[in-house]
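The values are calculated or read from the model by the stated rules, or taken from the named source; none is laboratory data. What you see is a predicted model; the values in this text were computed from it and never measured. As a convention, Cβ positions derive from the backbone with ideal geometry for all residues, glycine included, and neighbour counts pool all protein chains shown.
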Amino acid sequence: MGFREDTRTWLEENCPQSMRRQGPVPSGGITVTNAQPDAREWLTRMAERGWTVPTWPKEYGGGGLSADEYRILAQEMRRINAREPISGHGTTMIGPAVLEFGTEEQCLEYLPPIASGEIKWCQGYSEPGAGSDLANVQMRAVVDGDDYIINGSKLWTSGASEADWIFCLVRTDPDASKHEGISFIVFDMKSPGISITQIDLISGPSDFCQTFCDDVRVPRRHLISKPGNGWTVGKRLLQYERTSIGGASGGHQKVTTIDEHARNYIGVADGKIRDPSYRDRVLRVSMDDAAYQLTVRRTAEEATTSKAPTFMSSFFKLYGTEQNKLRTELLVSLMGTQGFGWTGDQFTPGELGATRGWLRTKANTIEGGTSEVMLNIIAKRILGLPD
Ligand SMILES: Cc1cc2nc3c(=O)[nH]c(=O)nc-3n(C[C@H](O)[C@H](O)[C@H](O)COP(=O)(O)OP(=O)(O)OC[C@H]3O[C@@H](n4cnc5c(N)ncnc54)[C@H](O)[C@@H]3O)c2cc1C
């Protein structure tokens, strides 16, 4: 049997029916423990085949698939509307960075628990004085025998209170230039000296945290790459993150199209969306979505020499997230007053999800680097404009 037929048969036999529609995707650790039984079963089956991280080498828990095989798997998952078995910082950020910069021992230690969903990771980049100006990180890591002693705090660490491990940018050499004094280190969130404060937003409690390190002892073997090379590793990880936030790393699920939504909420006359101004807006968003997806595909096909992302990730992050805002704004606008629901039986779960989704897209253009910062990178690194 060929790869496509084999994949199709396996998915038909192994993807639970409840995983063939949109819904929550666990991101490792406790989120897997707390997931629905079908979601856990789906994750286990996919992980056994290495298909939670299909292109990673088999020895690290991956499926060892070629780019072509991966494309077929994605197509076949999309065909039955199969949900991703796992998402999160492990598979989309730290895993690819470790694959690229980690030693064999580090790959063997960190990657299999990501592939199996055992571990949930969080990201320790931002600090009170280091957001857009990320190279200003001040968290200190000082060598003490075989360990580093870490002091300082990280801000906006999403999901830190339920994460098992964290990856951090730390300052190992305060005398070196701003970028060269940074190193990249990972450690267990249960290490003595770590405390976490959850941050309340104007909308109430959130999963944002401030993570404090007070004399946290971390074995030196947890440093990824050389001391002082953290900026290089950290930037590459951001490229993976930005590609993912921009929706350019390949989701498999079918989503209800904006055209279908418009037809449901506005109605149809002569086979067309009833209201001409909405018809125009829906057409524009649909065309821009299609053009963007083709650009993403072309970029992937052109990247024959290296699988690593490039500065195009800044373009994906900028365009994908700004486009997300436009699409979700149009979506709630099409729903009329049904698009303003927060709770209550008069709204369907889909409507409540749409309102929350619309608000969440605002954060998309900030996390992983703001749209303004993406424009700066595009100006300098892609267009070659002077500083
Ligand atoms: C949903 C969400 C999740 C996040 N999760 C994490 C996480 O898990 N871990 C983590 O470490 N961080 C996380 N962050 C933090 C995020 O990385 C920062 O918020 C982001 O980098 C911006 O930094 P800042 O908030 O300090 O804003 P600032 O850097 O203070 O920027 C404020 C404003 O000034 C603009 N600006 C700043 N510098 C320039 C410039 N040079 N040119 C033009 N405009 C500029 C910015 O665009 C922005 O509009 C998250 C943020 C969000 C929204």
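Table for the structure above
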item: Residue pairs meeting the criteria (Cβ under 9 Å; at least 6 apart or on separate chains; first free of Cβ contacts under 8 Å to residues at least 40 places away in the same chain and within 21 Å of D280 (Cα to Cα), in segment 319-346; second of a type outside the set (V, I, T) and surrounded by fewer than 16 Cβ atoms within 10 Å (Cβ to Cβ)); result: Q323/D288; T328/G357; T328/L359; T328/R360; V332/F340; V332/G357; G339/S333
item: Residue match in segment 75-85 (condition: more than 30 Å from K154 (Cα to Cα), of a type in the set (D, E, K, R) and in a loop (DSSP other than H, G, I, E, B)); result: yes
item: Among residues of segment 149-160, those that are part of a loop (DSSP other than H, G, I, E, B) and either of a type in the set (A, V, I, L, M) or away from the ligand (no atom under 13 Å from the Cβ) (or both), counted; result: 1
item: Qualifying positions in segment 161-177 - closer than 17 Å to G230 by Cβ and either away from the ligand (no atom under 12 Å from the Cβ) or in contact with a Cys (Cβ under 6 Å, 6 or more places away or on another chain) (or both); result: W165, I166, V170, R171, T172, D173, P174, D175, A176, S177
item: Search result, residues across segment 179-234 that are touching a Phe, Trp or Tyr at 6+ places or on another chain (Cβ under 6 Å), of a type in the set (A, V, I, L, M, F, W, C), under 15 Å from V137 (Cβ atoms) and free of Cβ contacts under 8 Å to residues at least 60 places away in the same chain; result: I182
item: Strands (runs of 3 or more DSSP E) (entirely within segment 161-256) containing at least 2 residues that are assigned by TED's automatic domain parsing to the domain that holds P128 and either under 17 Å from the mean Cα position of the chain (by Cα) or closer than 27 Å to A300 by Cα (or both); result: 165-171, 204-219
item: Candidate set: segment 86-119, residues that are touching a strand residue (DSSP E or B) at 6+ places or on another chain (Cβ under 9 Å) and outside any helix (DSSP H, G or I); chosen: the one surrounded by the fewest Cβ atoms within 10 Å (Cβ to Cβ); result: T103
item: Close pairs from segment 14-39: first touching a residue at least 12 places away in the same chain (Cβ under 8 Å) and surrounded by 15 or more Cβ atoms within 10 Å (Cβ to Cβ), partner among the hydroxyl-bearing types (S, T, Y) and in a loop (DSSP other than H, G, I, E, B), Cβ under 9 Å, at least 6 apart; result: V25/S87; P26/S87; S27/S87; G28/S87
item: Pair list, Cβ under 7 Å, 6 or more apart: segment 363-375 residue on the phi < 0 side of the Ramachandran plot, other residue within 6 Å of the ligand (Cβ to nearest atom); result: T370/S132; V373/S132
item: Qualifying positions in segment 48-70 - over 19 Å from the mean Cα position of the chain (by Cα) and either of a type in the set (S, T, N, Q) or farther than 20 Å from E104 by Cα (or both); result: E48, R49, S66, A67, D68, E69
